[in-house]
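First the structure, in the form of structure tokens, and then the observations on it.
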Amino acid sequence: MSSELSKKYSPGEIEDKWYQAWEAAKVFKSVPDEREPYTIVIPPPNVTGILHMGHMLNNTLQDVIIRRKRMQGYNACWVPGTDHAAIATEAKVVRLLAEQGIKKSDIGREKFLEHAYAWKEKYGGIILQQLRKLGASCDWDRTAFTMDPEYSEAVIGVFCDLYEKGHIYRGLRMVNWDPQAQTAVSDEEVIHRDTPGHLYHVRYQIEGLENEYVTIATTRPETILADTAIAIHPEDERYTHLHGKKALVPLLNRPIPIILDDYVDREFGTGCLKVTPAHDTNDYEIGQRHDLPTINGLNADGTISEEVGLYVGQDRFVVRKQIAKDLNAAGHLVKQEDYMHSVGYSERTDAAIEPRLSLQWFLKMKELSAPALEAVVDGDVQLIPGKFINTYKHWMENVRDWCLSRQLWWGHQIPAYYLKDADGYVVAPTPEAAVEKAREKFKRPDLTLADLHQDEDVLDTWASSWLWPINVFHGLTQPDNPEISYYYPTQDLVTAPEILFFWVARMIIAGKEYMGEKPFSNVYLTGIVRDDQRRKMSKSLGNSPDPLDLIAQYGADGVRVGMLLASPAGNDLLFKESLVEQGRNFANKIWNAYRLVKGWSVADHPANEREKLAIAWMEARLAEASIEIEDHFSKFRISDALMSVYRLKWDDFCSWFLEMMKPPYGEAISQEAYDGVIRLFEETMKLLHAFMPFITEELWHGLKERSAGEFLAVAQLSDLDKPNETLLEDIALIKEAITALRAFRTDKQIPFKEAITLHIKSDNPGLFQQYETLLAKFLNTEAIHYPAEKVEGASSIRVQAHEFFIPLGAIDVEAEREKLQKEIAYQEGFLIKVNKKLENE
RNA sequence: GGGAGCUUAGCUCAGUUGGUUCAGAGCACCUGCCUUACAAGCAGGGGGUCACUGGUUCGAGUCCAGUAGUUCCCACCA
């Protein structure tokens, strides 16, 4: 029979076959019933995204968890979906259009959105197809999207509600401006990096005084043009003579006041600070204090604006170099030194961020975040690993208002409606409601929709995804519906630590505010997938393998195992292809165990002593390992749980159990023993299924006839008896003895075919007598004796308190002597070599 | 600048409340094997002063302090 089966496991067809079967039978579908729910909502990938290694890790973990719960009797529900990912998607569409020579601003909002939707239709959800390849057991009927009509309704509804409650305000604020995406980004989307630059010392002439100058130091000389003051410390004695004077902006000769402010650090640079309120957060604050005018020196795209009068339309970085030259030529550049300083970059586009003054929508965070802080500190929401609690706490205690608006078109348009002919606006969920409200608010009953225009901006992506665990069950749009009541709060969230604040914290806030309850109990934070040099995997570095190629080459099971083997929670995963190879090898090992078992001929007679012992032992080991595995799972130690199953299957089941069970050459195994082997094989497949869903499903069907519609994916883990501790201990000793005696055989070059006589001197000979059938099988003994005294003229091996003797007759003395001589010669040669090296000065 | 964490075998990591499951696992490495399940394999083996220094204790990878290195988070001085 085994001749039909290949020596190597080939996953490709088998994996496709089972995924289709599962999907057709809807085994992952979940509807509320009397069972306890176990729910995970997927961190929605970008709708236009394609699967990368981070997704692989993240979704493998979720699948392992949900599959195990499904097999433990829970009503397991894994909700899939995608995020519209405002900036990221819009950037992609803009780029695509640019390739066709189309500019966003030329076609207008409506046309642009048509293109965006077309793009979404074409590429959206590719990633969900890819997840199926991985084996993800999502309930696909529940696939959600953050811009589904009903979901959008929830997002807009929440905005309006928060506005009504007074949590949302509109204000002129210094925001982080991404000149490439041409939108404001939140503080969390700015990444600070030390960047080499220069510190320019520039002198400004004092107005009315021929040879008097004040020198400042700056890293951004191009902003000089937008200066509106020079600040000095009020108590700085070096500059008292400048109090009340004015300085002239170089190149422009525009007079600006010299002001006093104790923000100025007297130790830094020259102790004089140029103040550019429009382009620096601190300068803005100084400007506010001193009622300074602001000059907007930069356009939205990072070029110099008309307001300053010089270099207009040129890029900020070009101007930075040019102005340094021009200042030098004009005698204003005192010195220029290399300087390392921290610069903010956009997380999305990597463009250098410009602080920029603009009108934006904000959400007050202080009050809203309090219950969310409490939830984590109290342990109501568990962060795994716990080390993230400190980080979380620190952030929540110092939380700043959230800039909600983005200058984009792809997303949820802000439901604020402005009067066209006057100042004033209303916030309302629909245009109709807005008209209604406006009529009332402005006492103008004749107002129509035509008199209003909606805010051009859209909401930050996270202002929609923070409702994810609620509105995938329509909890906001259909409050108290049976689904939300059943599934909410969900159990686990598996995500990356990078979005702990972006997303996780905000989901907790929204959950507390709108459901009065946390959105999930456990947050498992995965590591970052890096290459073996610890570099983050990225497209630009080209160090990330294509997950689908990996699956094609090693099988989804192999890839899953490879990813999990080295990914403890919160620790980075150093990915190497060899890990996936290990996973594939494991699948192959299992496959071959199956081939072996299926190749046995079975005879209808009762089990012998050896077979009975082996089965009893394997059952005890299975029970022991099951307890260990459950313990690991309960602590989210998925990697350790896998290792436990791995060793159970490879070491205990294959290396020991199957070797114990193997019928002697040419003989058959008893039916009773065979049934036991099949049963234990099935049990190991159950334990492994969560990790390797495909091969286990395949073999589970191969081991036994199954009725139609029966799947391992929905089979239940067995309740096992307590492990037989005595038997486990006994066999541990027997194994130790076998290992020692095998080593002896190898060492003395006694071929296995040559049977040996074994003498065991022990206080407890009965112990060994009990397991003689196993000793005989593994050691090929012709006889076993239990002498009371040492056996003379025999080699002895000690195992714990027991002594084993093998008569010397079995040893080739000449060969032994020769071997030792060779060893001596080698060691002497080594010694000479080392001595020579040491003597070398 | 502030805060948090980490440092255990060549690599990646476990080591729960200090005391014979405490010095472990997987991979890598070495030796011998193509033994009719599997060379993507089998059998055996070597390897660590648990970063360093000091302290608490009868006893410390395990607790405390300091030092060095390293990672992350937050803030950001022009």
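Listed values, structure above:
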| item | result |
| --- | --- |
| Net dipole in debye of region A:674-741 [+1 Lys, Arg Cβ; -1 Asp, Glu Cβ; about Cα centre; nearest 20] | 160 debye |
| Straight-distance crosslink candidates among aspartates and glutamates, where the alpha carbon sits under 15 Å from residue A:387 and sequence neighbours closer than 8 are dropped | A:378, A:498, A:572 |
| Contact order normalised by residue count of region A:277-412, Cα under 8 Å, 6+ apart, percent | 18 percent |
| Top positive-direction residue, dipole computed over region A:399-514 with Cβ charges, set A:404, A:493, A:461 | A:404 |
| Members of A:92/A:536; A:7/A:122; A:7/A:722; A:120/A:539; A:612/A:753 lying beyond 30 Å, as alpha-carbon distances in this model show | A:7/A:122; A:7/A:722 |
| Hydrodynamic radius of chain A per Kirkwood, over alpha carbon pairs, in Å | 32.8 Å |
| 5 angstrom amide H check on residue A:494, placed H, neighbours 5+ away | A:524 |
| Using alpha-carbon coordinates, inclination of helix A:53-70 to the longest axis of chain A, degrees | 60 degrees |
| Hits among lysines - C-alpha to C-alpha of residue A:443 under 25 Å, sequence gap 8 or more where chains match | A:165, A:420 |
| Lys, Arg +1 and Asp, Glu -1 on Cβ, resulting dipole of region A:307-347 about Cα centre, debye, nearest 20 | 160 debye |
| Between helix A:577-599 and chain A: long-axis angle, C-alpha atoms, 0 to 90°, nearest 10 | 30 degrees |
| Amide hydrogen neighbours beyond the local backbone of residue A:600, cut-off 5 Å, H modeled | none |
| Positive-end residue, region A:670-785 charge dipole about Cα centroid, Cβ charges, pick of A:723, A:768, A:778 | A:778 |
| Cα-centre dipole for chain A with unit charges at Cβ (Lys and Arg positive, Asp and Glu negative), debye to 20 | 1340 debye |
| Surface/4 estimate of mean projected area, convex hull on alpha-carbon atoms of region A:487-552, nm² | 6.4 nm² |
| Space enclosed by the convex hull of the alpha-carbon atoms of region A:193-270, per residue, Å³ | 106 Å³ |
| In Hz, Karplus ³J(HN,Hα) per residue of region A:643-657 (6.51, -1.76, 1.60; θ = phi - 60°; x = Gly, Pro) | 4, 5, 5, 4, 6, 4, 6, 6, 6, 6, 6, 7, 6, 10, 4 |
| Reachable aspartates and glutamates, given that their alpha-carbon falls under 12 Å from the alpha-carbon of residue A:662 and they are not under 8 places away in the same chain | A:611 |
| Mean shadow area of region A:363-515 over all directions, Cα convex hull, nm² | 11.1 nm² |
| Dipole-positive endmost among A:627, A:654, A:605 within region A:570-672 (Cβ charges, Cα centre) | A:654 |
| Derived scalar couplings ³J(HN,Hα) [region A:146-159; Karplus, 6.51 cos²θ - 1.76 cosθ + 1.60; whole Hz; x for Gly, Pro] | 5, 10, 4, x, 5, 5, 4, 4, 5, 4, 5, x, 5, 4 |
| Listed residue pairs exceeding 25 Å between alpha carbons, taken from A:393/A:518; A:274/A:335; A:364/A:518; A:133/A:635; A:29/A:133; A:69/A:735 | A:133/A:635; A:69/A:735 |
| Antiparallel DSSP beta bridges within chain A, percent to nearest 5 | 70 percent |
| Rounded to whole Hz, the Karplus (6.51, -1.76, 1.60) HN-Hα couplings of region A:795-803, x for glycine and proline | 6, 10, 10, 9, 10, 6, 9, 10, 10 |
| Relative contact order of chain A, defined on C-alpha pairs under 8 angstrom at six or more residues apart (%) | 13 percent |
| Degrees between helix A:11-25 axis and first principal axis of chain A (Cα, 0 to 90, nearest 10) | 70 degrees |
| 222 nm mean residue ellipticity, helices alone, for chain A (DSSP H n ≥ 4; -39,500 (n - 2.57); rounded to 500) | -13000 deg cm²/dmol |
| Distant-in-sequence amide H partners of residue A:42 (H built 1.01 Å from N, under 5 Å) | A:79 |
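The numbers here are math on the coordinates, done by the rules we state, and not lab data. Being a predicted model, the structure only gives us computed values, none of them experimental. All Cβ positions, even for glycine, are placed from backbone atoms using ideal geometry, and neighbour counts span all protein chains on display.
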